[in-house]
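This report concerns only the one structure given below.
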Amino acid sequence: MTMTTGDRSAATATMAQRVEAIQSLLDERGLGATAIAQELDHQAQDEWLPRNGARVVARAWVDAAFRGRLLADGRSAVAELGLSMPKHHRHLVVLENSATVHNVICCTLCSCTAFTLIGLPPDWYKDLEYRARIVRQSRTVLREMGLDLPPEMEVRVWDTTADTRYMVLPLRPPGTEGWSEERLASIVTRDALIGVARP
């Protein structure tokens, strides 16, 4: 018997319906999927924010000893500020910008970041065009994003690995001498932590 369109009794479930069905099944088996999903949503919305990385940068700008520890072992240094990273982020490499070198990060395979410090990756960071072009045409991509670097400045692109995450330590803007850490942190954006902007 040939089935026609009129014989179909159920439409394909939406993605949200599929997720809800799987979550319900896991909950029924005592695996607590709903509670886990709610906790992850809370962390993503309220805890994993760029303000964490901004705090790290502000401390490094005012405390040379902390900056040294941060550059030597980023993971241990951010822990001093009460900031944690997942176990699989075994290494945090903090890339210090200077008057002659500008660093930018990407993940050519997917969209990995040090999300507990930088926040969840923006859509453009996940886009295949950014991931492919930032490696080959870094200066052009940065210019298109509003950051026009002088030709004599070296641009270094860092690609996230399975166990290593990167964060950019931007160059402290002139005229911010004497500012409090809180005020300094307020000018550090997620884009500056990725390296596609300056504070």
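Comparison of 74, 68 shows that the only residue that is at pLDDT 95 or above and buried (at least 20 other Cβ atoms within 10 Å of the Cβ) is 74.
If you go through region 149-160 one residue at a time, do you hit one that is surrounded by 17 or more Cβ atoms within 10 Å (Cβ to Cβ) and among the charged types (D, E, K, R)? Taking every residue of region 149-160 in turn, none turns out to be surrounded by 17 or more Cβ atoms within 10 Å (Cβ to Cβ) and among the charged types (D, E, K, R).
Scanning region 105-115 for residues that are out of contact with any helix residue (DSSP H, G or I) (no Cβ under 6 Å at 6 or more places or on another chain) and modelled with pLDDT of 90 or more, we see that the one that is farthest from residue 154 (Cα to Cα) is 114.
Is it true that residue 188 is in a helix (DSSP H, G or I), in the same structural domain as residue 71 (by TED's automatic domain parsing), modelled with pLDDT of 95 or more and among the β-branched types (Val, Ile, Thr)? The answer is no for residue 188. Inspect all residues belonging to region 140-148 and state whether any of them is farther than 16 Å from residue 192 by Cα and at pLDDT 95 or above. The answer is yes; a qualifying residue exists.
Here residue 120 clears all of (1) under 17 Å from the mean Cα position of the chain (by Cα); (2) exposed (fewer than 13 other Cβ atoms within 10 Å of the Cβ); (3) within 26 Å of residue 71 (Cβ to Cβ) except the condition numbered (2). When region 115-171 is filtered for residues that are in a helix (DSSP H, G or I) and in contact with a Phe, Trp or Tyr (Cβ under 6 Å, 6 or more places away or on another chain), the ones remaining, listed by number, are 115, 116, 124, 130. Only residues that are more than 14 Å from the chain's Cα centre (by Cα) and assigned to a loop (DSSP other than H, G, I, E, B): list them for region 90-114, please. 90, 97, 98, 99, 100, 109, listed by residue number.
The values are calculated or read from the model by the stated rules, or taken from the named source; none is laboratory data. Nothing here was measured: the structure is a model prediction, and the numbers come from that model. Using ideal geometry, Cβ is built from the backbone for each residue, glycine included, and neighbour counts are taken over all protein chains shown.
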